[in-house]
Structures are given as C-alpha cells and as structure tokens.
Amino acid sequence: MTGDASPTLRIPRGNLLRSRVVSEIATTLSRALDRELTGYATVVPQETLLLSGEAKGVITFADGIPMLAYNTVSDSGGASALAELAVPGPYRVELYAVDADGLETAHQADALRVTPGAVATELADDQRLADRTRAAAPDERLAETDEDDTDAVTAFLEDDDRIAAIREQAQTEAAARAKEWGLDDALSNATEDRNCDGIDADGSHTRSDAPRSER
C-alpha cells in the first residue's frame, strides 16, 4: 500500500453471533451496545450505488462502542468509509465476538477511527441510538472531536454523482411501486398536467395560450 491510503484492517475471525439480511442496521448496533460487545460487524450493501462487486464494510466495537470503520474494497477508513457505506439497504450484516486482545492492535489505527455516535448517525440514521452510544462511551472517547461526526455527511453532500444516483434510484423505485399499485397512469397524467398547466419539466413557469373552458 502506498500514498495516503488507510492502513489495512487485520482482525481475527471471531465467533459468529448473528447473520442476516436487514433493511437497516440500527438493531445490530443496538444489540452490540446492549451486550457491551467487543468484536466487529461486517456490512455488505446488497444494492450498492457507489461500491462494486463484493463491497464490504467492517465496523469494530469495544465494549459495545464503535471504534473503527473500514471499507475493504476502496481501502478507506474512518468517516470516509462510513460515507461510502451509507447507501440504501438492504444489507447483509454479520456480527462477531472477539477477545479484546485480538483487537488491541487494530484499535491503535487512528486513521480508521470513528467517533462513538457516527455509525448510528450515518449508517442507521438513528439519533436516539447515537445519543445512547455516546452516553455509554468512556470519557476518553468523548474527548474526540465532535467535528468528526460531520465528516461523513460533508463527504456525501459534496458527491454530486452519488446524490444524482440515489435520486435516480428513488425515482425508479417509485415508478415500480406505482405500476404495481396501478397508479402509473395517474402519475403520467399528473406529469402531463404539470407541464401543460404552467410548469415546464425544467421547473420554469409558462402561460398556456389555449383558451380555458368557462364553467
């Protein structure tokens, strides 16, 4: 590895506690927090927009508090890894328990470090869980700068291509559901009315020259 790449995360396999496909990972994070887990979770987005192939994220925990985030495909870590993994689910999530000694070396990699509430905020969009995690974190973890919690959001907002891809996927899914529910004709008519009734497809206002029928 050369340049400014993050250090490769090397951790023992550990004991598998949970493996399933979920629409969101808040439950997994909450379970790790409640049982004060020392170990890690693997997170694989099933329909990834940014990553390709078998993209996989790894989140490590110390006594239930997230410590590190690493993307094994892009080799990025910390807030950058969270930003890359914050794509629409579902996800395949596996949770492993590891002896504290097995993660001691890995947890010294500052380049992969995330603040206590960042994973709940960025991957689960769960502010209450983020607050619970911070409340349970030791003082030395809370001393880490709060500004790191916003790095993933900033990286996301600066990625125009990714935002456009997510918007396109949302539109495609909405159209598919409309067709399934028999609403595609209604949506098509609504779009036509919108374009003819004074609002062009680009959002600009126009005035129709066609006479309106009097009531």
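The values are calculated or read from the model by the stated rules, or taken from the named source; none is laboratory data. Everything numeric here is computed off the predicted structure, so don't read it as measured data. Note: ideal-geometry Cβ built from the backbone for every residue, glycine included; neighbour counts use all protein chains shown.
Number of residues in segment 1-60 that are among the small types (G, A, S), at pLDDT 90 or above and over 23 Å from A79 (Cβ atoms): the value is 2. Considering the conditions (1) of a type in the set (V, I, T); (2) over 22 Å from G14 (Cβ atoms); (3) modelled with pLDDT under 90, T105 is excluded by exactly one of them, (2).
Screening E94, E84 for residues that are at pLDDT 90 or above and of a type in the set (D, E) leaves exactly one candidate, E94.
The residue that is farthest from the chain's Cα centre (by Cα), counting only those in segment 8-36 that are under 22 Å from A100 (Cβ atoms) and part of a helix (DSSP H, G or I), is D34.
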